[in-house]
Structure formats: C-alpha cells, structure tokens
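**Q** This is the structure I want to talk about, given as structure tokens.
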C-alpha cells in the first residue's frame with residue numbers, strides 16, 4: 001500500500017552557518033510502501049476524562065484534555081471506521097483502572113502472555129527521597145489541591161466513547177501483551193494515535209520506546225495526537241511539534257490522517 005509519509009532529514013549540518021543545524025534538510029515527504037497485513041493502528045490512552053465540572057482539578061493540571069476530547073470527537077470516528085474496513089489491525093493500549101478487563105481482546109492478550117510479567121525491581125526508598133517525591137507532587141505535578149479530582153477521575157476511568165474496542169480487537173495493558181498481540185498477528189509496524197505524543201505514547205508501557213526495543217517500527221498520525229504542553233509552549237503546541245519530530249527521527253514516520261484514510265479506502269478488502 002502506497003502512502004504519503006513525512007520524515008525528517010537530520011543532515012547535513014553546515015559549518016558555514018552561524019547555527020550549523022540550520023543546514024539540516026528538515027521535514028520532507030515521500031511516497032512509501034507499507035504492508036497492511038503487518039501494520040496496525042494503535043489507539044493509546046484515549047480516555048473519557050469527564051468534564052471540567054466533574055473533575056476541575058484534573059482539568060487544571062492536564063491542560064490538553066479539551067484538545068484530546070476534540071480529537072476523539074472529530075478525528076477518531078472516520079479514522080477508526082476506515083481502519084476497521086481495511087486490512088489493518090486495530091489495537092488498543094490501556095492503563096489506569098480495570099475498565100478494559102471484560103473486553104475479549106484483553107482476555108486474548110492474557111491468554112497469549114500467561115502470567116503477568118514480574119514487577120520491575122525498584123531501589124529502596126528512604127525518608128529523604130519520600131520528601132522529595134512529596135515536594136514534586138505538591139509543587140510540580142499535580143498540585144495538592146488537584147489530587148482528589150485526579151484520583152476521582154482515575155477511579156471512574158473508561159474508554160472515550162469514540163475509542164471503545166469493537167469485537168475482538170486486541171487490548172493490551174503493558175508492553176508484553178502488546179508485543180504478544182503483534183507477534184500473534186504478524187505485525188511489525190505500529191501507527192499510534194492517542195494521548196500524549198511526548199509522554200504516554202513515548203514512555204508508558206506499550207509506548208514507542210518499549211516497542212521499538214522489540215524491533216517494531218513506530219509511527220504516528222499527526223492529527224490524531226496531542227502533547228503535554230507547558231506555559232511557554234501551549235499557545236503554539238510546540239511540544240507536539242517536537243514530539244512528532246522525535247517520532248520521525250527515532251522511531252518511524254508521521255502520517256496525515258486524510259492521506260491514511262484515503263489509502264485505506266483504496267485498499268479495503270472488498271476492492272481485491
């Protein structure tokens with residue numbers, strides 16, 4: 001299947017410039033070939049995070065929630081419909097709570113992996129380290145006054161309505177389960193959608209760091225992700241741009257949602 005992909009040309013730095021890195025080629029586009037039978041779209045951490053009235057503290061410390069909700073409402077329906085009508089697999093990566101444990105795709109993941117992986121060994125804590133963690137919780141994220149709302153939100157966590165798995169679509173809560181689902185289906189290229197491109201999609205279990213270490217190519221859909229922004233980056237969503245650059249440089253490609261939907265339509269199973 002031919003598909004327009006964005007990639008980033010991280011060469012050549014020009015020593016003749018005041019800033020040599022400004023000589024890089026930068027963002028480019030090319031038609032590439034992907035194998036639908038070995039590719040899956042992965043929807044990761046697409047949560048129903050409630051309204052500002054329900055969880056004001058959660059919305060105060062996670063400012064991207066409105067953007068994620070808009071993406072779920074506007075981008076996900078046509079994207080996921082196109083994937084489900086194509087030869088691509090659709091997988092889901094979850095986390096927080098147990099809202100997903102009755103889905104057939106999660107039960108399949110459990111069957112494939114058997115016992116849960118051993119917990120990662122952690123260094124023992126001490127009172128000084130405990131105080132440092134407490135300081136960060138109060139002064140960095142999430143803020144003591146926001147903690148009750150964040151806890152309440154996670155206690156009631158569920159899939160966003162537009163992102164609920166259908167049928168036996170695979171559901172994974174960790175990297176071992178996602179890898180098992182991919183191995184079982186012969187998938188070696190994951191195209192991520194969800195939240196957030198510079199945080200969970202990168203570092204959480206089932207994210208790009210873990211999966212790329214297992215040999216998977218990991219790409220992203222530009223319009224189907226947002227990022228964790230800070231005070232200085234939020235207006236222009238600069239960390240989303242940095243996150244997409246990181247994907248293009250370290251993990252795979254960046255696709256435009258309309259191009260992907262069109263390509264999938266041209267390669268739907270009924271077209272032969």
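The values are calculated or read from the model by the stated rules, or taken from the named source; none is laboratory data. None of the values given here were measured: they were computed from a predicted structure. As a convention, Cβ positions derive from the backbone with ideal geometry for all residues, glycine included, and neighbour counts pool all protein chains shown.
**Q** How many residues does the stretch 65-84 contain that are farther than 25 Å from residue 233 by Cβ, in contact with a helix residue (DSSP H, G or I) (Cβ under 9 Å, 6 or more places away or on another chain), surrounded by fewer than 18 Cβ atoms within 10 Å (Cβ to Cβ) and touching a residue at least 60 places away in the same chain (Cβ under 8 Å)?
**A** Matching residues across the stretch 65-84 total 2.
**Q** What is the number of the single condition among (1) at pLDDT 95 or above; (2) surrounded by 16 or more Cβ atoms within 10 Å (Cβ to Cβ) that residue 95 does not meet?
**A** It is condition (1) that residue 95 fails.
**Q** Now a separate question. Could you grab me the full set of residues in the stretch 1-19 that are within 24 Å of residue 241 (Cα to Cα), assigned to a loop (DSSP other than H, G, I, E, B) and in contact (Cβ under 8 Å) with a residue 40 or more places away in the chain?
**A** Of everything in the stretch 1-19, just one residue is within 24 Å of residue 241 (Cα to Cα), assigned to a loop (DSSP other than H, G, I, E, B) and in contact (Cβ under 8 Å) with a residue 40 or more places away in the chain, namely 10.
**Q** Follow-up. Step by step: first the residues of the stretch 147-175, then only those that are within 15 Å of the chain's Cα centre (by Cα) and not in a loop (DSSP other than H, G, I, E, B), then the one that is surrounded by the most Cβ atoms within 10 Å (Cβ to Cβ). Which residue is that?
**A** The extreme case among them is 172.
**Q** Exactly one condition in (1) part of a loop (DSSP other than H, G, I, E, B); (2) farther than 19 Å from residue 72 by Cα; (3) touching a residue at least 60 places away in the same chain (Cβ under 8 Å) is not met by residue 123; state its number.
**A** (3)
**Q** Evaluate the stretch 186-200: report whether one residue or more is on the phi > 0 side of the Ramachandran plot, touching a helix residue (DSSP H, G or I) at 6+ places or on another chain (Cβ under 9 Å) and not in a loop (DSSP other than H, G, I, E, B).
**A** The answer is yes, given that some residue of the stretch 186-200 is on the phi > 0 side of the Ramachandran plot, touching a helix residue (DSSP H, G or I) at 6+ places or on another chain (Cβ under 9 Å) and not in a loop (DSSP other than H, G, I, E, B).
**Q** Also, quick follow-up: Can you give me the number of residues within the stretch 216-243 that are assigned to a loop (DSSP other than H, G, I, E, B), in contact with a helix residue (DSSP H, G or I) (Cβ under 9 Å, 6 or more places away or on another chain) and surrounded by 15 or more Cβ atoms within 10 Å (Cβ to Cβ)?
**A** Counting residues in the stretch 216-243 that are assigned to a loop (DSSP other than H, G, I, E, B), in contact with a helix residue (DSSP H, G or I) (Cβ under 9 Å, 6 or more places away or on another chain) and surrounded by 15 or more Cβ atoms within 10 Å (Cβ to Cβ) gives 6.
**Q** I've got another one for you. Return the pairs, sorted by first residue and then second, in which the second residue is surrounded by 20 or more Cβ atoms within 10 Å (Cβ to Cβ) and at pLDDT 95 or above, the first residue lies in the stretch 50-64 and is at positive phi and assigned to a loop (DSSP other than H, G, I, E, B), the beta carbons are less than 7 Å apart, and the residues are 6+ apart or on different chains.
**A** Note: pairs meeting the criteria are 50/153.
**Q** Search the stretch 129-142 for residues that are farther than 19 Å from residue 228 by Cβ and pair each with any residue that is at pLDDT 95 or above and exposed (fewer than 11 other Cβ atoms within 10 Å of the Cβ) when their beta-carbon atoms are under 9 Å apart and the residues are at least 6 apart or on different chains.
**A** 129/123; 133/125
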